C-alpha cells in the first residue's frame with residue numbers, strides 16, 4: 001500500500017524558477033491538503049481540496065497555486081520561487097467523515113514530506 | 001481568522017515525569033480537534049476529540065476537550081525518552097479546513 005506519495009522529496013531552486021510538487025494518494029480519499037513546516041513552527045495550511053475539481057485557500061496561499069484535476073492527485077505549484085518559500089512541504093489526505101458508526105477517526109494521512117530550498 | 005495556539009512551545013523534563021500540553025483555539029464552525037506526534041518525518045495520529053468532557057486514552061497518553069472554554073490538554077504520564085517529539089494540535093473548522101498550532105517540542109532527558 002503506497003498511501004500518500006510526494007514527489008520530488010528534495011529540490012533546490014534558484015529565485016524566480018518555477019516548479020510543481022505532486023501528491024498522489026491511492027486510498028480514494030475525498031480531501032487533500034498542502035502544508036508547509038518551517039523550523040520551530042507547526043504546519044501551516046497553504047491550500048486544500050474537498051473534492052475533484054475544487055480547491056480553497058488556507059492560511060498562507062500567496063505565491064502558490066494548486067490543482068485537483070483527478071481525485072487521486074493534488075498538485076502544488078510555485079510560479080516564481082522566493083527564498084521565503086524554503087520549507088518542508090507536507091501533503092495529506094483523509095476520507096469523507098461519514099456518519100454514526102461509519103464515521104472515520106478524522107485522521108490525516110501524510111506523505112513523507114518534500115524539502116525545498118530556494119537560493 | 002481561525003487560530004490554534006499551543007503552550008508551552010518547548011518543554012524539557014526528566015524520564016518518569018508527567019507532562020501536560022495545552023491547545024486553545026478560536027475557529028468558526030468547530031467540528032473536531034486532533035492531536036499528532038511528529039518525530040523525524042511526517043506526523044502520526046494520536047487522538048480525535050469531538051465531545052466535551054470525554055477522555056480519550058491510549059496507554060500513557062490521554063486527552064480531553066473543553067468546548068465551552070475552547071481548549072484541549074494532552075497528558076503523558078511516566079514519560080520515556082521515546083516520547084521526545086513535537087506534539088501538534090489541529091482543529092477542524094468548517095468546510096473540512098484543518099488548522100494546526102505551532103506545536104510543542106517535548107524533550108525527555110534520561
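The values are calculated or read from the model by the stated rules, or taken from the named source; none is laboratory data. Everything numeric in this text was worked out from a predicted model, so none of it was measured. Ideal geometry is used to build each Cβ from the backbone, glycine not excepted, and the neighbour counts take in all protein chains shown.
Filter the range A:16-25 down to residues that are surrounded by 12 or more Cβ atoms within 10 Å (Cβ to Cβ) and more than 15 Å from the chain's Cα centre (by Cα), then give me how many there are.
1
Among B:28, B:79, which is the only one that is more than 13 Å from chain A (Cβ to nearest Cβ), surrounded by 15 or more Cβ atoms within 10 Å (Cβ to Cβ), part of a loop (DSSP other than H, G, I, E, B) and in contact (Cβ under 8 Å) with a residue 24 or more places away in the chain? Give the steps one after another, and end with the answer.
On the way: B:28 fails: surrounded by 15 or more Cβ atoms within 10 Å (Cβ to Cβ).
None of the other options fit; the residue is B:79.
Taking residue A:62 as the residue in question, decide whether it is closer than 14 Å to residue A:91 by Cα and loosely packed, with under 15 Cβ neighbours inside 10 Å.
When the stated conditions are applied, residue A:62 does not pass them.
Condition first: farther than 24 Å from residue A:37 by Cβ, modelled with pLDDT under 95 and touching a strand residue (DSSP E or B) at 6+ places or on another chain (Cβ under 7 Å). Can you find one or more residues in the range B:10-23 that meet it?
no
Kindly establish whether residue B:70 is more than 14 Å from chain A (Cβ to nearest Cβ) and surrounded by fewer than 22 Cβ atoms within 10 Å (Cβ to Cβ).
yes
Evaluate the following for residue B:56: is it more than 9 Å from chain A (Cβ to nearest Cβ), in contact with a helix residue (DSSP H, G or I) (Cβ under 9 Å, 6 or more places away or on another chain) and modelled with pLDDT of 90 or more?
When the stated conditions are applied, residue B:56 does not pass them.
Just for strands (runs of 3 or more DSSP E) wholly inside the range A:22-82: which have at least 3 residues that are within 16 Å of residue B:98 (Cβ to Cβ) and within 13 Å of chain B (Cβ to nearest Cβ)?
A:31-37, A:43-51, A:54-57
Which of the residues spanning the range B:82-110 are assigned to a loop (DSSP other than H, G, I, E, B) and either crowded, with 17+ Cβ neighbours inside 10 Å or without any contact (Cβ under 8 Å) to a residue 60 or more places away in the chain (or both)?
In the first step, residues of the range B:82-110 are kept if they are assigned to a loop (DSSP other than H, G, I, E, B); the result is B:84, B:94-96, B:101-103, B:110.
Once the filter is applied, which keeps residues that are assigned to a loop (DSSP other than H, G, I, E, B) and either crowded, with 17+ Cβ neighbours inside 10 Å or without any contact (Cβ under 8 Å) to a residue 60 or more places away in the chain (or both), the range B:82-110 yields B:84, B:96, B:101, B:102, B:103.
(1) within 9 Å of chain A (Cβ to nearest Cβ); (2) more than 19 Å from residue A:38 (Cα to Cα): which one isn't true of residue B:49, the others all being true?
Unmet condition: (1).
Test each condition in (1) more than 10 Å from chain B (Cβ to nearest Cβ); (2) within 25 Å of residue B:38 (Cα to Cα); (3) surrounded by 14 or more Cβ atoms within 10 Å (Cβ to Cβ) for residue A:13 and report the one that comes out false.
In the conditions (1) more than 10 Å from chain B (Cβ to nearest Cβ); (2) within 25 Å of residue B:38 (Cα to Cα); (3) surrounded by 14 or more Cβ atoms within 10 Å (Cβ to Cβ), residue A:13 misses (2) alone.
Can you tell me which residue within the range A:90-112, out of those that are more than 9 Å from every other protein chain (Cβ to nearest Cβ) and modelled with pLDDT of 90 or more, is nearest to residue A:39 (Cα to Cα)?
The extreme case among them is A:91.
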